[in-house]
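The values are calculated or read from the model by the stated rules, or taken from the named source; none is laboratory data. In this text the structure is predicted, and so the values were computed from the model without any measurement. Reconstructed Cβ throughout: ideal geometry from the backbone, glycine too, with neighbour counts over all protein chains shown. For accessibility, only protein heavy atoms count, side chains too; no ligands or nucleic acids. Shrake-Rupley method; radii C 1.70, N 1.55, O 1.52, S 1.80 Å.
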Amino acid sequence: MAEGFLAGLLDLIFPPRCVFCRRFLKKGEKYVCGECLTSLPYADGEERKGEFFSVCVAPLYYEGKVRDSILRFKFKNATHYTAYYGKILAERIAKSLSGKYDYITWVPLSKKRLKKRGYDQAMLLAMATALELGDVAVELLRKTVDVPAQSGIDAHEKRRANVSGAYEVIDPELVRGKRILIIDDIVTTGSTLSECARVLLMAGAESVVCAALATAEKD
């Protein structure tokens, strides 16, 4: 009773906004307004292949309001978005990757970038998604080199070179013989996910699949 009253009071003081367009939500709407719910660029049929991972799926395309929303999540401390992000990502994983992984993990930030940002958005996304799936996210990877952001590099070959050797497996014994699901916020060329998958396979993982909140459209 008290929790319901408090939630209602908070909604009066800080009316909830749509995760994507930031309009105030109407009664009965949760996380997303009705307009965005029907007009978002869904990527349900999209599957991408990688050099070291067998498939990567995503519920959304990285464009328009989705792009703006994710940028707020990554750089403007909109960490409360993970409640909805985790829900839609979990739905896509359950639909496309069920039974194909033993552990859920994420693409980690370097210590330098984590200190600057204050939070690891991929870790939060992985934890929220795992919770929706009734699972847990396990820290399997560490970023050992603070390389330039991939978003500032266009060419696929340069992106791949940029992250080469930047990650390592924390505990090889834990991943040996296991099927791993890696979660990230955005997949563009797939270079970062491929490098993470490569080091997991080198450490003895049986296979790697991936999921991202949003994917760039294929050329």
Roughly what would the spin-label model give for D68 and V145, points 7 Å off Cα along C-beta, in nm?
-> 3.7
For the pair R17 and E217, how long in nm is the line joining their label points, each one 7 Å along Cα→Cβ?
-> 2.7
What is the spin-label model distance, in nm, from L131 to S39 if the labels are put 7 Å beyond Cα along the C-beta direction?
-> 3.0
Given a 1.4 Å probe, how much area per residue of region 62-135 is accessible, in Å²?
-> 50
List the trypsin sites (Lys or Arg not before Pro) in region 50-86 that DSSP assigns to loop (not H, G, I, E or B) and whose Cβ has at most 11 other Cβ atoms within 10 Å. Which are they?
-> K76
Can you list residues whose amide H is under 5 Å from V208's amide H, if they're 5+ apart or on another chain and H is modeled 1.01 Å from N?
-> S54, I180
